[in-house]
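Here the structure comes first, spelled out in structure tokens, and everything after it is commentary.
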Amino acid sequence: MADQPSGARSVETAEMAPPLGQYHEVEGRRLYLHSSGSGGPSVVFLAGGGTVGLDYWNVHEQAAQLTTSVVYDRAGTGWSSGVGLPRSSAEVTDELRQLLRTAGIPGPYLLVGHSLGGLYARHYATRFADEVAGLVLLDPAHEDYNAYMPQQLVEQWEAWDPDQAMPEELPDEVVQLYRGLFAEELADWPQQLRDLLIDRHVSPGWLRVGFQEAKNVKELYAEMRDAGPLPDVPLIVLSSMAVDSFKAAVSQGTPESLMREEIDGKRKLYTALAASVPRGEIRLVDGTGHATFHFRRPDAVLQAIEDLLGR
């Protein structure tokens, strides 16, 4: 895919540069990466759709006390160079592999993937099994997700048009709603990082990227199916068990009973995923929903990382 021409998003990025980390050039693009700690296996965080590497700063900083820890932004997201979206999972995983090599991050890697990042982590492990020491997956996107869901929800999702979901100008009440939600989750973060992330997350550019990156999710699922089963690597799947404020905001009009059915279906799916490999495990995590996993339960994420490092 060709890089997007410089424009509003590039200006936004230049005006609000990340407070830590550096850039590495991969195939003519500047990719953002921040690494801390030392030792191996190296922990690499794969952000969910609509999130960026520094959203996982709180867990990353703790993981860096144990080993080398890395957060980064995929091309087209966060502070990395723009690129046409959506992209294939092969493009994303090839890019990550090259970035880690260019940045001198030693393998093997313990991949921590959230949501869409969880699908990319599984695809990476399937394609490059010898480079992966383990997987921690936070509510990972999965090609069989809809098969475990109530039909009413599936019909709602099928009718959803991402091109219509993101107008050119967001109503101020929507912007303020999301600003408040992020401010609540990041309340105890360092002010410079907190304010920067909140401003960027409510900007039209970043919001639009979140929709664009997952527009080809059916094609991503097909790629995952074609890649074959997961190799025999240690796996911990963390399944969130609550309806958080973000879920409630984007699900207005959906009965809470239906959202609880989604959580139950997700638990069954992730139980099957964990059972698909000899060293797989599912952990049910209370007190958080899908979007706020790393904000509300960094302890559960760090414990899973520490347990896999111990193996």
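The values are calculated or read from the model by the stated rules, or taken from the named source; none is laboratory data. The model shown is predicted, which means the values in this text are computed figures rather than measured ones. Positions of Cβ are backbone-derived with ideal geometry, glycine not excepted, and every protein chain shown enters the neighbour counts.
Some observations on this one:
- Residues of segment 25-48 that turn out to be crowded, with 20+ Cβ neighbours inside 10 Å and in a strand (DSSP E or B), as a count: 11
- Candidates R101, R97, R74 - the one that is closer than 19 Å to G50 by Cβ, basic (K, R) and either modelled with pLDDT of 95 or more or surrounded by fewer than 18 Cβ atoms within 10 Å (Cβ to Cβ) (or both): R74
- Within segment 260-286, the residues that satisfy the criterion of being among the basic types (K, R), modelled with pLDDT of 95 or more and surrounded by fewer than 19 Cβ atoms within 10 Å (Cβ to Cβ) are R267, K268, R279, R283.
- Just one of the listed residues (S115, S80, S42) is touching a Phe, Trp or Tyr at 6+ places or on another chain (Cβ under 6 Å), within 19 Å of H201 (Cα to Cα) and among the polar types (S, T, N, Q), and it is S80.
- Residue in segment 226-243 that is part of a helix (DSSP H, G or I), touching a residue at least 40 places away in the same chain (Cβ under 8 Å) and out of contact with any Lys or Arg (no Cβ under 8 Å at 6 or more places or on another chain) present: no
- Checklist (1) of a type in the set (D, E, K, R); (2) buried (at least 20 other Cβ atoms within 10 Å of the Cβ); (3) within 20 Å of N146 (Cβ to Cβ) applied to R297, failing item: (3)
- None of L177, L197, L220, L207 is crowded, with 17+ Cβ neighbours inside 10 Å, in a helix (DSSP H, G or I) and modelled with pLDDT under 95 except L207.
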